[in-house]
Amino acid sequence: MEIGFGSGEHLAALAAKNPRVGFIGCEPFINGVASLLTIINEKKIENIRIFDDDVRLLIPYLREACLERIFVLFADPWPKHRHRNRRITVEENLTEFARLLTDDGQILFATDQHGFAAWSLANILRERRLVWTARRAKDWHEEPDNWTPTRYQLKTRKEGRKPVFINVQRRPRISQ
């Protein structure tokens, strides 16, 4: 699942490379949805389902451990202090993400807003079912292998901003 897929280029590239994997794209803005639908139509991609609203409306209907990966790429950082409860990496959302992920499932969070990255990582580290997988600086400074940059990421590159990539893994559930 990609949350806030923007123009959809990253999600479409993933789906095209992995035709046997089902993808969910969540995006509340009509222009982004229209852009992804155009790509899907042109490339004849059949393994993407779109939820064209706020992902928080969908989450309660998803069963536990149903997602292998969650992508949160260049989300709105909501920089004003009074808007921080709107950030995608608030405690309530991270709790739900941990519920939705399969054992060893992953969240990939990318942003060019370093303050937002630090704030998000602090929240992630408080969720006991999630573990940050970085072992060295390159793990969060370099794009993951086989990465397709988003349109927003390409724009920030031109402006000289460097993104941070935070990869988080779901700890295995303890069987009883």
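For Phe74, the residues whose modelled amide H falls within less than 5 Å of its own, excluding neighbours fewer than 5 places apart on the same chain, are Ala110, Thr111. Roughly how many whole Å is it from the C-alpha centroid of the range 8-54 to that of the range 110-133? Cα centroid of the range 8-54 versus Cα centroid of the range 110-133: 26 Å apart.
With each pseudo-label sitting 7 Å past Cα toward Cβ, what's the His114-Thr38 distance in nm, one decimal? It works out to 3.5 nm between the two label points. Just round it to a whole percent: the fraction of Cα-Cα distances in the chain exceeding 25 Å. Roughly 31 percent, rounded to a whole number. Taking every full run of DSSP H in the chain, the ones that stretch at least 15 Å from end to end by Cα along their long axis and average -1.0 or higher on the Kyte-Doolittle scale are 30-43, 114-126. In this label model, Arg161 and Thr102 are separated by 3.4 nm, measuring between points 7 Å along each Cα→Cβ vector. Restricting the range 11-101 to GluC sites (Glu not before Pro) that sit in a DSSP loop and have at most 12 other Cβ atoms within 10 Å of their own Cβ leaves Glu46, Glu64.
Determine the percent antiparallel among the DSSP beta bridges restricted to the chain, to the nearest 5. For the chain, the DSSP antiparallel bridge percentage is about 40. At full extension, Val21 and Lys80 could sit 17.5 nm farther apart than now, given 0.36 nm per residue minus the alpha carbon distance. When the trypsin sites (Lys or Arg not before Pro) in the range 1-94 are filtered for DSSP coil states and for at most 12 other beta-carbon atoms within 10 Å of their beta-carbon, the remaining sites are Arg20, Lys44, Arg63, Lys80.
Taking Cα centre as origin and charging only the Cβ of basic (Lys, Arg, +1) and acidic (Asp, Glu, -1) residues, the dipole magnitude of the range 2-170 rounds to 460 debye.
Read-outs throughout are calculated quantities, based only on the coordinates presented, and are distinct from any laboratory measurement. Source: prediction; values computed, not measured. In this analysis, Cβ positions are derived from the backbone assuming ideal geometry, glycine residues included, and neighbour counts consider all displayed protein chains.
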